[in-house]
Amino acid sequence: MLNKSLDLDKAYGEPANGSSSIVSHRHPNPLPPLQDRHGRTFDYVRIAVIEQCNLRCTYCMPEEGVKFKEKDMVLRSEEIIKVVEVLARMGVRKVRFTGGEPLVRNDIVDLVAQSVQTPGVKAVHMTTNGLLFPKYARDLREAGLFGVNISLDSLTEEKFEQITRRPGLDKVLESIDLAVELGFPRVKINVVLMRGFNEDELIDFCEITKDKPVTVRFIEFMPFDAHQIWETGQHFASAADLCGQIEKNYSDTGINAASGTRTEHHIYQVPGYAGKIAVIPAFTRSLCGNCSRIRVTADGSIMNCLYSEVPYQLKDLMRNGGSDDDIVGLFRKAFDDKHKDGFESKKAASVAAKINVSDISRSRSSMTQIGG
Ligand code: SF4
């Protein structure tokens with residue numbers, strides 16, 4: 001397996017507004033960075049802005065959906081911007097809006113614009129399923145959105161509908177081309193790779209990078225599917241296995257290690273290809289040593305790890321008059337408690353569940369309740 005190089009500029013991207021002039025992204029009134037007891041610094045926040053989605057992917061939620069939070073339980077736009085402002089003072093440079101599907105939230109363009117203008121923020125990104133992207137793409141680019149990750153798990157209409165329970169492959173493919181055409185500096189395709197379903201399309205997805213300047217990211221299947229298919233134990237394909245298949249397929253032409261973000265633990269580029277191929281061990285969790293991610297759920301909980309089940313109630317704190325210092329304090333508490341890796345987080349959660357601590361219940365069985 002090839003070792004990648006980490007290019008921080010690539011990790012954060014050029015200046016948020018995409019202009020050529022390098023502007024300092026140091027906050028004018030910085031606070032000490034957000035760190036944990038394991039020496040890691042957290043400078044990347046993923047904010048889920050909604051739980052609702054216009055798809056029903058089998059690796060995320062059932063056809064009937066999940067018990068979505070009521071509107072008043074979801075962070076308001078001023079609360080989201082407050083979180084971005086406070087985190088930017090603590091050294092957060094990268095903001096990603098996720099969901100559910102962020103484009104079904106009607107103030108999303110404004111959230112992007114305000115975050116781009118927040119002192120200290122270097123780049124704002126979004127993860128979308130691409131169905132509504134053509135409608136908002138130009139406004140998002142004008143608002144300064146820097147990177148867009150578009151989720152796509154099959155290149156055949158039949159399998160696309162099988163996995164998302166909705167039509168729309170053509171819309172998603174159109175969105176990928178539009179994102180490149182409009183000059184978003186980072187365009188990526190997120191593929192949840194599942195054995196016995198789309199594993200046979202692995203190389204077809206890799207070949208997209210031949211002519212398109214995009215990064216195709218294969219993400220390991222994870223146990224956040226609202227108890228649908230994970231427990232069958234039939235669909236997990238490991239990052240190591242996928243890397244082996246990719247390297248074998250390109251053994252004649254050769255394939256080089258490339259630079260990428262901290263999440264893109266294994267990243268390649270085929271010589272002469274315009275784009276890159278990444279493999280993300282999200283379940284294998286071999287990337288935890290490099291973890292830099294903060295998660296804020298749509299209902300305003302801080303998650304210090306994808307596998308943690310300890311909610312730090314940010315929304316309640318803010319709605320009960322919590323000051324900026326109180327918000328800072330809660331983030332520091334959450335990350336001071338952070339375990340060294342996702343396995344320990346999971347173990348701690350199971351132990352807590354066993355002793356049945358009331359406020360630690362697996363209330364987030366679907367990825368749409370976490371934000372990816
Ligand atoms: S599993 Fe947890 S610790 Fe590991 S990379 Fe993911 S969020 Fe970070």
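Laboratory data are not the source of any read-out in this text; all were calculated from the coordinates shown. Bear in mind that the values here come from a model prediction, so they are computed numbers and not experimental data. Here the Cβ positions follow ideal geometry from the backbone for every residue, glycine too, while neighbour counts run over all protein chains shown.
Once the piece of chain linking Arg319 and Asn54 is laid out straight, how much longer is it, given 0.36 nm per residue of separation minus the C-alpha distance between them? Present the calculation step by step, with values, prior to reporting the outcome.
Details: separation 265, 0.36 × 265 = 95.40 nm, distance 2.91 nm.
Using 0.36 nm per residue and subtracting the Cα-Cα distance, I get 92.5 nm.
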Charge dipole magnitude, Cβ of K and R +1, D and E -1 - region 176-253, Cα centre, debye nearest 20: 300 debye
Full-extension gain in nm, Glu158 to His227, via 0.36 nm per residue minus C-alpha separation: 22.5 nm
Charge dipole magnitude, Cβ of K and R +1, D and E -1 - region 287-355, Cα centre, debye nearest 20: 280 debye
Long-range HN-HN contacts of Ile189 with modeled amide H, under 5 Å: Ile150, Thr215, Val216, Arg217
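Using the Cβ atoms and a cut-off under 10 Å, what net charge is assigned to the surroundings of Arg56, where Lys and Arg are +1 and Asp and Glu are -1?
On the way: positive: Arg165, Arg166; negative: Glu63, Glu64.
Around Arg56, the surrounding residues sum to 0.
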Aspartates and glutamates with Cα under 16 Å of Lys248, excluding same-chain neighbours fewer than 8 positions away: Glu199, Asp200, Glu201, Asp204, Glu207
Cα gyration tensor shape for region 8-369, rounded if a/c is under 1.5, else prolate or oblate: rounded
Extreme residue, positive dipole direction of the chain, given options Ala226, His38, Pro102 (C-beta unit charges): His38
Positive-end residue, the chain charge dipole about Cα centroid, Cβ charges, pick of Val310, Val279, Leu330: Leu330
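Around Gly99, what is the net charge, scoring Lys/Arg as +1 and Asp/Glu as -1 over all other residues with Cβ under 10 Å from its Cβ? Provide the component values of the computation, followed by the final result.
Working: positive: Arg105; negative: Glu51, Glu101.
Its environment carries a net charge of -1.
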Residue (of Ala352, Phe197, Val49) at the positive-pole extreme of the chain, dipole from beta-carbon charges: Ala352
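Could you work out the local net charge near Glu161, counting Lys and Arg as +1, Asp and Glu as -1, over the other residues with Cβ closer than 14 Å to its Cβ? Display every interim value, and only then the final one.
On the way: positive: Arg56, Lys159, Arg165, Arg166, Lys171; negative: Glu63, Asp153, Glu157, Glu158, Asp170.
Surrounding charge for Glu161 is 0.
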Cα centroid separation, region 24-73 to region 117-162 (Å): 15 Å
Size of electric dipole in region 8-369: Cβ of Lys, Arg +1 and of Asp, Glu -1, about Cα centre, debye, nearest 20: 1020 debye
Cysteines not pairable in the chain (beta carbon separation under 4.7 Å absent): Cys53, Cys206, Cys243, Cys288, Cys291, Cys305
Gaussian network model of the chain, springs between alpha carbon atoms under 10 Å - residue of Phe42, Phe68, Phe218 with greatest fluctuation: Phe68
Region 172-237: C-alpha gyration tensor shape, a/c 1.5 cut-off, then a/b vs b/c: prolate
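Distance cut-off 21 Å, Cα to Cα: go down the list Lys122/Lys188; Lys159/Lys212; Lys82/Lys188; Lys69/Lys315; Lys188/Lys210 and report the pairs above it.
Numbers: Lys122/Lys188 18 Å; Lys159/Lys212 23 Å; Lys82/Lys188 28 Å; Lys69/Lys315 13 Å; Lys188/Lys210 14 Å.
Table pairs above 21 Å Cα-Cα are Lys159/Lys212; Lys82/Lys188.
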